[in-house]
1. Inside region 18-39, can you point out the residues that are in contact with an Asp or Glu (Cβ under 6 Å, 6 or more places away or on another chain) and surrounded by fewer than 13 Cβ atoms within 10 Å (Cβ to Cβ)?
2. Being surrounded by 11 or more Cβ atoms within 10 Å (Cβ to Cβ) and either in a loop (DSSP other than H, G, I, E, B) or modelled with pLDDT of 85 or more (or both) narrows it down to one of GLU42, GLU51, so name that one.
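The values are calculated or read from the model by the stated rules, or taken from the named source; none is laboratory data. Quick caveat: nothing in here was measured; it's all calculated off a predicted structure. Glycine gets a Cβ as well: all are built from the backbone with ideal geometry, and neighbour counts include every protein chain shown.
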Amino acid sequence: MDIFHDVERMMHSIGMTTTGDSEKEVYWYTEQIRMSAEQLEESLTSDSPREVIDSVLDVIHANIGLLLSLGISPEGSA
């Protein structure tokens with residue numbers, strides 16, 4: 001499974017492209033990370049199977065990678 005393409009496919013399904021409005025893309029990726037972090041917290045407190053936790057971590061990782069591809073870097077790094 002290529003999670004990067006899955007995220008891009010979801011974006012296209014709502015009319016966004018990965019080469020369009022960077023501000024919208026940044027919002028989309030960060031919102032996905034936020035929602036995934038909430039899901040991860042819930043999964044960890046409810047003893048979810050490891051596969052579920054790994055899947056959520058994959059989504060977070062993919063969205064971080066997509067942010068980095070836009071030239072967004074963590075605060076304090078250069």
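1. Within region 18-39, the first condition is being in contact with an Asp or Glu (Cβ under 6 Å, 6 or more places away or on another chain), and the residues that meet it are 18.
Matches in region 18-39: none.
2. Working: GLU51 fails: surrounded by 11 or more Cβ atoms within 10 Å (Cβ to Cβ).
Checking each option against the conditions leaves just GLU42.
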